[in-house]
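*Asks:* Pasting a structure below so you can have a look.
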Amino acid sequence: MAGSIVLFGPPGAGKGTQATRIVELTGKPQVSTGDMLRAAVSAGTELGIEAKGYMDSGHLVPDQVIIGLIEERLMEPDATNGVLFDGFPRTVPQAEALASITQVSAVISIEVPDGDIVDRIVGRRMDPDTGDIYNISFKPPPPEIEHRLIQRKDDTEETVRNRLETYHEQTEPLGSWYGSRGLLIPVDGCGTIAEVGDAVTSAVINL
């Protein structure tokens, strides 16, 4: 399928897990603006130097710089048939700018209620020895390692609800924007990883 795919959904919806599946199904490379920014800064490209100036001064990198980086990425050989955008666009103006440089063929929206997102993130624990991630409700750790598990400082209910509020204000309107263009494919993100994966697979193979 020609054209790019946008993976869309709230923080904690499981986009990273499902992105891997979409890459395997489509062969489209996963594109993260964070990875692109780091690569451009490391390589010292013109856009990378410009982006570093904003980042070093504590400012957000402007949309036109991000779009410039994406435009360069789309010219690489592996992006001939489009890419998978994960975490971009975040706003309608970004979506409009993206539409001017590449065809978006589908937007897969993983939909999870706020309460479930809070439970997932606040209950998350990591084993510092192995890097394994557990959840005290959905994927409890073996009792013998409970003592060493840690919780990330930003995995608190207050932080998660603030992130969700920002998502609803800035990013959620993208659903209506893409929906009005016939591109939005909603996927229920409340099942198991395998169940959500099967739904994502069905959405992708039917494109």
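The values are calculated or read from the model by the stated rules, or taken from the named source; none is laboratory data. Just so it is clear, the structure is predicted and the values come from calculations on it, not from any experiment. Glycine gets a Cβ as well: all are built from the backbone with ideal geometry, and neighbour counts include every protein chain shown.
*Asks:* If I go through the range 1-42 residue by residue, how many of them are closer than 11 Å to L84 by Cβ and of a type in the set (A, V, I, L, M, F, W, C)?
*Replies:* Total meeting the criteria: 8.
*Asks:* Does the range 48-56 contain at least one residue that is hydrophobic (A, V, I, L, M, F, W, C), surrounded by 20 or more Cβ atoms within 10 Å (Cβ to Cβ), under 17 Å from the mean Cα position of the chain (by Cα) and in a helix (DSSP H, G or I)?
*Replies:* Keep residues of the range 48-56 that are hydrophobic (A, V, I, L, M, F, W, C), which gives 49, 51, 55.
Those left that are additionally surrounded by 20 or more Cβ atoms within 10 Å (Cβ to Cβ): 51.
From the residues that got through so far, the ones that are under 17 Å from the mean Cα position of the chain (by Cα) too are none.
So far as the range 48-56 goes, no, none of its residues is hydrophobic (A, V, I, L, M, F, W, C), surrounded by 20 or more Cβ atoms within 10 Å (Cβ to Cβ), under 17 Å from the mean Cα position of the chain (by Cα) and in a helix (DSSP H, G or I).
*Asks:* Cβ-Cβ under 6 Å, sequence separation 6+ or interchain: first residue in the range 147-173 and more than 19 Å from I136 (Cα to Cα), partner at pLDDT 95 or above. Which pairs?
*Replies:* Listed by first residue and then by second, the contacts come to L164/D114.
*Asks:* So, one more: Filter the range 138-172 down to residues that are in contact with a strand residue (DSSP E or B) (Cβ under 9 Å, 6 or more places away or on another chain) and of a type in the set (K, R) and give me whichever is modelled with the lowest pLDDT.
*Replies:* K139
*Asks:* State all residues of the range 101-115 that are touching a residue at least 40 places away in the same chain (Cβ under 8 Å) and assigned to a loop (DSSP other than H, G, I, E, B); if no residue qualifies, say none.
*Replies:* T102, Q103, V112, P113 - these are the residues of the range 101-115 that are touching a residue at least 40 places away in the same chain (Cβ under 8 Å) and assigned to a loop (DSSP other than H, G, I, E, B).
*Asks:* Among G44, G34, G9, G87, which is of a type outside the set (K, R) and farther than 21 Å from L164 by Cα?
*Replies:* Values: G34 fails: farther than 21 Å from L164 by Cα; G9 fails: farther than 21 Å from L164 by Cα; G87 fails: farther than 21 Å from L164 by Cα.
Only one candidate qualifies: G44.
*Asks:* Looking for whichever is touching a residue at least 24 places away in the same chain (Cβ under 8 Å), closer than 25 Å to P10 by Cβ and among the acidic types (D, E) here; the options are D119, D78, D63, D132. Which one fits?
*Replies:* Details: D119 fails: touching a residue at least 24 places away in the same chain (Cβ under 8 Å); D78 fails: closer than 25 Å to P10 by Cβ; D132 fails: touching a residue at least 24 places away in the same chain (Cβ under 8 Å).
From the options D119, D78, D63, D132, the qualifying one is D63.
*Asks:* Pull out all pairs, ordered by first then second residue, where Cβ-Cβ is under 6 Å, the residues are six or more apart or on different chains, the first lies in the range 21-45 and is in contact (Cβ under 8 Å) with a residue 12 or more places away in the chain, and the second is surrounded by 13 or more Cβ atoms within 10 Å (Cβ to Cβ) and of a type in the set (S, T, N, Q).
*Replies:* V23/Q30
*Asks:* In addition: Please work out which one of (1) closer than 25 Å to L184 by Cβ; (2) in a loop (DSSP other than H, G, I, E, B) is the condition L98 fails and give its number.
*Replies:* L98 satisfies all of (1) closer than 25 Å to L184 by Cβ; (2) in a loop (DSSP other than H, G, I, E, B) except (2).
*Asks:* Residue by residue through the range 27-47, note down the ones that are assigned to a loop (DSSP other than H, G, I, E, B) and either surrounded by 11 or more Cβ atoms within 10 Å (Cβ to Cβ) or in contact with a Phe, Trp or Tyr (Cβ under 6 Å, 6 or more places away or on another chain) (or both).
*Replies:* G27, K28, P29, S32, T45
*Asks:* Only one residue in T91, T17, T80 is surrounded by fewer than 17 Cβ atoms within 10 Å (Cβ to Cβ) and within 12 Å of the chain's Cα centre (by Cα), so which one is that? Break it down into steps so the answer makes sense when it comes.
*Replies:* Numbers: T91 fails: within 12 Å of the chain's Cα centre (by Cα); T80 fails: within 12 Å of the chain's Cα centre (by Cα).
Only one candidate passes the filter, namely T17.
*Asks:* Check M75 against each of (1) more than 20 Å from the chain's Cα centre (by Cα); (2) assigned to a helix (DSSP H, G or I); (3) surrounded by fewer than 17 Cβ atoms within 10 Å (Cβ to Cβ) and name the one condition it does not meet.
*Replies:* All conditions are met except number (2).
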